[in-house]
1. Fewest Cβ neighbours within 10 Å first, please rank B:499, B:270, B:90 accordingly.
2. Taking loop as defined by DSSP and a crowding limit of 12 other beta carbons within 10 Å, which trypsin sites (Lys or Arg not before Pro) in segment B:84-188 fit?
3. How about residue B:513: which aspartates and glutamates have a C-alpha closer than 19 Å to its C-alpha, ignoring those fewer than 8 places off in the same chain?
4. What's log10 of I(q)/I(0) for segment B:249-602 at q = 0.07, 0.12 Å⁻¹, Debye sum over Cα points only, no solvent?
5. Students often get this wrong, so check it: of A:153/B:87; B:326/B:375; B:128/B:184; B:263/B:594; B:87/B:114, which have C-alpha atoms separated by over 20 Å?
6. So which of B:365/B:595; B:103/B:152; B:76/B:238 end up more than 24 Å apart, counting from Cα to Cα?
7. Would you list which aspartates and glutamates come within 13 Å of residue B:358, measuring only between C-alpha atoms, while excluding same-chain residues fewer than 8 positions from it?
8. Once you place label points 7 Å from the Cα toward the Cβ at residue B:308 and residue B:418, how far apart are they in nm?
Amino acid sequence: MNKLSFDNFFKNIDRILIALIVSLLLIGLITLASASQQNTLLLGTQIINILVGMILLIFLSNIDPKRFLFYAPYLYIASLALLVLVAYFGFESHGAKRWINILFFNLQPSEIVKITIPLTLAWLYHRFQNNINYKIHTMAFVILAIPCVMILKQPDLGTTILIGSAGSVIIFLAGLSLKFMIVSSFSFLIALPYLWSTLHLYQQNRILSLIDPGRDPLGTGYHSIQSMIAIGSGGFLGKGWSYGGQTQLDFLPETSTDFIFSVYGEEFGFLGIVGIFVIYFLILYRCVDMAQKMQNTFSRLTAASLVFTLFIASFVNIAMVGGLLPIVGAPLPFISYGGTSMVVSLTMIGIIMSLHSHKSLIAN
Amino acid sequence: MDLYKFKYTFKNRLNFIFSGLIFLFFLLLIKFFYLQVIRFDNYSSLAKSNSLKIIPIAPIRGQILDRHGEILAENKLIYTLEIDPKKKMDLNKVKQQLSNIVKITKYDIKRYKKTLSESYYSSTLPIKTNITDIQLSNFIANQYKYPDIYLKQKFSRSYPKGKSGAHFIGYLNRINQTDIRRLKKLDKFGSYIGLDHIGKTGIEYFYEDRLHGQPGYKTIEVNAKNHVIRTVKTIEPKHGEDILLNIDYKIQKIAEKAFGKYKGAMVALDPDNGEVLAYVSQPSFNSNLFINGIDETNWRRLNNSIHKPLINRVVSGLYPPGSTLKPFVALAALENDIRRPPFSIIDKGFYNMPNQSKTFSDWKKTGHGEVDLIKAIIVSCDTFFYGLGIELGIPKLNNVLKRFGFGEKTNIDMPNEKRGLIASAEWKKEKYKKKWYQGETAITAIGQGYTQTTPIQLALATAKLINPNNNLRPHLLKESNTSSHMKSKQIDLIEKQIDDLELIKNAMSLVTKEGGTAAFLGRNTSYDISAKTGTAQVFGLKKDEIYDESKLPDKLKDHALFIAFAPSENPRLVIAIVVENGGHGGSTAGPIAKKVFDAYLNGIN
């Protein structure tokens with residue numbers, strides 16, 4: 001009986017996907033060990049983060065998707081409430097107000113929004129799936145815009161873009177007309193100067209330093225240049241684990257979190273990067289395949305949006321350390337040190353697995 | 001939209017997004033290929049220079065010592081508090097932060113800004129120099145509070161004698177943009193990396209190359225926080241040489257004391273080899289004020305003073321030689337076989353220009369009676385020399401003056417030496433486009449007119465009376481081997497010239513005997529002094545105006561000049577003195593010379 005319930009416990013876990021994710025987590029831990037200079041406390045904390053995330057993943061994979069559908073709007077409202085709490089009771093760090101302290105840990109509500117937005121928008125389109133028109137799209141846009149504006153005010157440009165694009169992907173997948181998309185992207189281009197002016201000076205500088213990192217080598221371009229030096233000096237084969245001079249010598253900031261991929265690139269070289277990209281490709285392929293095979297609107301949109309969120313976050317982080325995007329301060333899912341990021345990423349995978357293994361439970 | 005169409009659209013669009021993400025990751029792969037494979041060499045070398053830092057190690061500057069090893073310039077260990085100008089810190093905040101430990105004055109901030117504007121190196125700059133032991137221990141105890149303030153330990157130049165000898169010792173100052181341009185031109189800039197001071201005047205300037213040495217380097221590995229991880233390689237610096245001077249500081253001190261409050265200059269030479277034993281320029285200044293950049297108040301006080309304390313009068317002060325020129329003029333006459341004793345004139349107190357109604361008066365209204373060349377030197381008879389000058393003419397006079405070094409640099413080892421001037425008709429024509437008058441020849445013969453000399457020229461010319469060696473050059477640096485050729489009195493003069501010199505020197509020895517212009521110097525001495533007094537007019541008297549020293553304000557008083565050597569037989573020391581506004585030469589300058597001779601010849605008690 002015990003054995004049976006134990007098997008039941010894992011029955012909704014996709015074996016291929018979990019194998020890929022675990023290999024990514026292992027790479028992350030190995031890199032973190034080097035980046036933190038074998039800081040056992042940090043490594044121990046990260047292992048706990050992974051365990052907590054894994055328990056949540058397993059738990060969520062066993063949840064009936066109907067419950068996600070049912071709770072989606074409430075979760076959305078709850079996450080908005082948390083954002084309001086941040087604005088009034090949150091504490092500042094690095095010049096931004098993003099966190100609230102709940103009992104014994106610091107919560108970043110914008111990370112929760114990364115999950116609630118896909119669920120809520122999927123819920124919306126699922127509910128009106130027989131009558132999707134511009135009104136529904138407008139509603140979706142409003143639902144998306146409210147948390148985006150709140151997060152932008154914190155300020156957290158990176159997360160805003162991430163959530164904004166994850167939401168937009170759902171609207172896009174839900175069949176927003178091409179004509180409308182073309183018109184709106186034109187209007188976006190026209191509005192660009194105004195949007196630019198609403199950005200904080202440091203955000204403007206970060207974007208400018210991306211265009212020309214040399215314009216202020218010790219200022220905003222510094223991290224970008226240091227990161228590229230670290231990666232570039234890794235060469236084809238890399239310098240070897242714990243031999244990354246740039247990262248070991250602390251030229252790079254935040255090597256455990258935002259710049260962990262620089263450490264990876266420096267120590268494992270181009271070959272290592274090709275290796276990790278293969279894993280990324282397999283995860284993406286597997287997830288998209290799962291989403292394509294899902295039977296209802298809610299599941300498809302949620303799964304697609306969550307996968308997209310994970311991969312666009314990975315892309316933004318890797319492009320940032322590679323000098324292709326401005327330094328926005330976004331962690332690399334599954335790899336970077338940090339509880340919130342780890343738990344949220346594994347939660348997303350858990351939800352996808354639940355949606356995948358309960359294909360027929362929500363009838364269209 | 002029906003569900004079938006929805007599913008179809010979803011599938012297509014999801015595939016589109018899937019392809020888009022694949023494309024984005026492919027872009028990343030290209031970027032990493034570019035960074036790690038194509039540009040590997042570039043980034044690899046960047047990475048190396050990133051973590052390896054070369055830190056210059058400053059050499060220790062040589063000391064300056066007198067001939068007996070007395071320290072004139074040394075290096076003292078001091079502590080400074082420095083900040084990194086790249087961090088662009090608010091100076092008022094720094095001031096406030098440090099207020100518990102040390103008071104940062106307005107002057108400190110001003111100096112910091114001045115240093116910053118002049119500094120070239122991107123290193124840290126001192127906000128407070130030379131902190132006391134108590135301030136030092138307070139800072140160390142609280143250092144963790146000041147991560148952006150660096151405590152630096154360095155050697156600072158120090159001049160233990162202060163004002164004494166300041167002109168020839170010179171001083172250091174921080175390297176500024178002008179120095180950098182000069183050093184770059186001379187291709188010496190490399191040896192100043194890590195150093196922030198350079199000699200600006202005096203010996204500090206002249207022997208800069210020997211004193212400053214060569215910096216060494218330390219290659220260290222650092223992290224981005226600039227914390228040293230390890231030392232890779234060390235090349236020790238080559239420390240600067242100590243400079244030993246010919247100056248005898250005991251004599252120097254006595255000479256300075258003898259000068260008292262008078263302004264002027266004195267230089268004492270060994271006639272055998274040109275070694276400078278004492279070198280006085282008054283008034284003086286405290287060299288220590290300059291080391292870390294002089295403050296404005298002191299600078300203005302020194303630079304704007306009517307007494308011009310910053311001028312190195314020994315080499316840069318230009319004075320009409322007055323009657324001290326007479327021995328050389330007399331020698332020119334002898335060499336041209338005019339006015340050789342027993343030729344004499346009767347001096348009635350004035351000289352009538354030939355074919356003119358113009359007369360020139362003697363300093364003694366009543367005249368000196370019967371005067372020959374020897375007496376003319378002893379009593380400094382102007383009348384005799386007016387006539388001599390007219391008879392001799394400027395070109396012949398200048399030939400001899402040139403041989404004694406007038407109008408030329410002595411090439412003493414001091415910067416800013418002036419040439420002085422011996423005037424001629426050609427010179428006047430070029431300079432003033434005017435013709436030379438015969439009257440000008442007459443007054444040139446008594447050392448007035450256009451002629452200008454520096455005290456060092458007077459000293460060298462006097463030394464050449466004793467040692468007529470063309471290679472004789474006054475020098476401060478004590479050189480162990482090079483002076484030998486000077487010691488051999490290699491005189492390429494014919495016998496007659498030697499006799500002429502003896503005649504002049506004999507006349508000079510009688511100046512300090514009864515009847516001479518410096519007779520009082522000859523009394524109560526254990527050795528004979530040979531001398532010539534001189535008085536140089538500072539301003540011209542109007543016709544019929546009588547020069548009355550006691551009624552003139554100091555600054556209009558005549559300059560007193562004095563050249564001397566002793567003992568008269570086998571002279572060991574030559575002295576030239578100018579006392580500005582000192583009135584008559586013998587009475588003010590003479591006693592100074594006497595004290596120096598006493599100290600040198602009789603030993604110091």
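What follows is calculated from the coordinates using simple rules that are stated; it is not laboratory data. No experiment lies behind these values; they were computed from the predicted model shown. We place every Cβ from the backbone using ideal geometry, glycine too, and count neighbours over all the protein chains shown.
1. Fewest-to-most ranking of B:499, B:270, B:90: B:90, B:499, B:270.
2. Of the trypsin sites (Lys or Arg not before Pro), the ones in loops of segment B:84-188 whose Cβ has at most 12 other Cβ atoms within 10 Å are B:88, B:103.
3. Cα-Cα hits under 19 Å: B:370, B:372, B:502, B:528, B:569, B:598.
4. -0.28, -0.85
5. Details: A:153/B:87 30 Å; B:326/B:375 12 Å; B:128/B:184 30 Å; B:263/B:594 18 Å; B:87/B:114 17 Å.
The pairs that break the limit, which is 20 Å between Cα atoms, are A:153/B:87; B:128/B:184.
6. The answer is B:365/B:595.
7. B:440
8. According to this spin-label approximation, the distance is 0.5 nm.
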